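The values are calculated or read from the model by the stated rules, or taken from the named source; none is laboratory data. Bear in mind the structure is a predicted one, so any value in this text is a computation, not a measurement. Virtual Cβ from ideal backbone geometry, glycine too; neighbours counted across all protein chains shown.
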Amino acid sequence: MKTAVEKTIEGDSLYRELFGDNREILISKRAMLNKVWNIFRNRFDTSYSGNRVYLIAVPNRVELLGKHTDYQGGETLLLTGPKNFFAIAAPCSDGTSHFVNVDRELGETVLRMKKDGPEMMSEGMGSNYTHRVAERLNRNLLDSGFPPLGNVKAVFFGDIPIGGGTSGSSAKVITDFLIFAASHELIDEAAFADLIKSNGKKTGLELDQQGLDDYLLTLSMYIAHYENGLDFGDLKGDRGVGTFGGSEDHTAIILGEKNRLLFCRYCPTQLLEKVSIPEEYVVVVAYSGKKAEKTRDAMAKYNRLSGDAARAVQALNKANGTEHTLLRDFYPELSFRERTEAATDQLKGDKSLLTRSYQFFREREIIFEAVEWLKKPRMEAYGRLINESHDLSRKYLKNIADEVDYLQQSANELGALGATGFGGGFGGSCYAVIQESQAENFIGQWSEKYHQRFPRYRGLTQFDIYPPCSGATWQSVKL
């Protein structure tokens with residue numbers, strides 16, 4: 001007789017609820033989760049405690065518009081993607097936590113939870129994220145009067161391209177968080193939810209936003225602070241994972257809705273609107289094969305854009321006699337174009353700050369226009385705007401790799417309505433908007449054209465349709 005776990009994994013309802021009706025996606029996801037379960041059952045059948053396991057699904061995201069605006073209080077338009085992590089986890093009492101990747105080449109993370117934090121025993125791919133999550137969550141719990149974290153057994157698997165610019169690192173952080181929090185039934189505990197919501201309010205986050213669950217909203221912001229290392233209200237931070245970004249990744253991953261895009265503003269997070277892509281059009285994402293990894297050597301490139309924005313704020317404050325903390329807050333009484341002109345006039349002595357500010361203000365103008373064209377809908381106009389967004393990023397942020405730039409150009413040559421690189425840059429991915437009826441031929445032609453120009457990436461690239469999917473989910477399943 002099949003267990004409840006096996007019935008959940010083999011049925012259709014879970015996958016359709018998360019990913020929609022695309023047949024290829026559903027087949028792929030079922031195969032992924034079956035691999036996770038089979039390894040978990042064979043590896044940990046006698047070492048976890050209790051009669052339940054916890055099934056976790058965490059998606060990736062595509063930043064349709066809003067390049068490097070979220071950490072300065074700007075807006076982004078987000079698509080929650082069909083690539084994801086699956087995990088099956090359970091608490092254990094043998095004193096050791098195992099995080100086992102289905103892909104054995106990526107290794108296995110083993111740590112031991114102690115009252116004062118985790119002790120690392122062995123490191124697999126992404127073990128730094130696992131360690132940071134365990135360390136901060138444990139400390140925040142103890143400081144708030146909760147019991148310390150216990151150990152867990154977990155198997156996970158993901159198809160998010162490493163270094164693809166689709167928030168794979170953020171998805172891994174959230175997966176690790178949910179493995180600990182769900183396994184110990186913390187994530188659904190009312191006292192923990194109250195802790196997160198109360199500290200969210202202390203950060204200035206507005207609750208009772210229409211159509212949003214307060215707990216999920218504040219939880220997305222809380223987990224974002226695991227990456228930037230900042231305090232979340234009274235919940236103390238640490239070093240984070242080294243990048244100074246905003247919280248758009250976590251907003252999309254936690255709050256995503258099937259068939260909806262999220263139009264959001266940040267610092268703090270605010271949902272402005274949910275919008276849709278017209279049914280006859282689809283988003284196609286191409287991962288270039290060139291990794292946009294946030295390694296030690298590459299970190300300065302990512303943080304330069306954040307640093308330039310912060311220095312622009314200082315310079316504009318000096319020019320205007322103000323004390324703002326975000327680029328968003330300058331010239332609120334002016335139109336976007338007038339703001340851009342004002343910043344240009346006041347920053348002409350420093351080209352790096354001038355170009356950084358110009359991109360920020362123009363990108364904000366583009367995103368409001370683009371959302372209106374989506375709603376009308378006028379997809380040709382939307383396509384022109386995402387092409388301009390790409391050009392702004394290449395010219396002013398200087399973070400568009402040659403591979404991604406070629407993907408953008410070739411997509412337009414093949415008849416896309418528009419295309420742009422996205423994410424942190426310096427590698428990664430490009431998305432294009434096309435008519436759904438053309439998708440299969442377009443993907444084949446786009447892929448072949450790219451591989452002819454960059455043959456070294458054959459076997460590394462991914463070209464996929466990206467329907468808007470649901471956000472992260474977790475559930476307890478009885479054995």
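Regarding the stretch 420-428, can at least one residue be identified that is hydroxyl-bearing (Ser, Thr, Tyr), surrounded by 19 or more Cβ atoms within 10 Å (Cβ to Cβ), modelled with pLDDT of 95 or more and closer than 29 Å to Lys258 by Cβ? Yes: one or more hits.
Count of the stretch 41-91 residues, restricted to those that are farther than 18 Å from Glu108 by Cβ, basic (Lys, Arg) and surrounded by fewer than 24 Cβ atoms within 10 Å (Cβ to Cβ), is 1. Residues considered: Arg356, Arg339, Arg362. Of these, the only one that is out of contact with any Pro (no Cβ under 8 Å at 6 or more places or on another chain), buried (at least 22 other Cβ atoms within 10 Å of the Cβ), basic (Lys, Arg) and closer than 18 Å to Arg394 by Cβ is Arg356. Of everything listed in (1) in contact with a Leu (Cβ under 9 Å, 6 or more places away or on another chain); (2) under 30 Å from Leu417 (Cα atoms); (3) modelled with pLDDT of 95 or more, the single unmet condition for Leu18 is (1).
Consider the stretch 314-336 and keep the residues that are hydroxyl-bearing (Ser, Thr, Tyr) and closer than 16 Å to Gly74 by Cα. The one that is surrounded by the most Cβ atoms within 10 Å (Cβ to Cβ) is Tyr331. Contact annotation: residue pairs with Cβ atoms under 7 Å, 6 or more positions apart or on different chains, pairing a residue in the stretch 201-214 that is farther than 19 Å from Glu257 by Cβ and at pLDDT 90 or above with a partner that is of a type in the set (A, V, I, L, M) and assigned to a loop (DSSP other than H, G, I, E, B), are Lys201/Leu207.
Being in contact (Cβ under 8 Å) with a residue 60 or more places away in the chain and surrounded by fewer than 18 Cβ atoms within 10 Å (Cβ to Cβ) holds for only one residue in Glu436, Glu369, and it is Glu436. Please enumerate the residues belonging to the stretch 237-262 that are modelled with pLDDT under 95 and more than 15 Å from Ser170 (Cα to Cα). Of everything in the stretch 237-262, those that are modelled with pLDDT under 95 and more than 15 Å from Ser170 (Cα to Cα) turn out to be Gly237, Asp238, Arg239.
Within the stretch 439-479, the set of residues being outside any strand (DSSP E or B), in contact (Cβ under 8 Å) with a residue 60 or more places away in the chain, under 22 Å from Leu414 (Cβ atoms) and polar (S, T, N, Q) comprises Ser447, Thr461.
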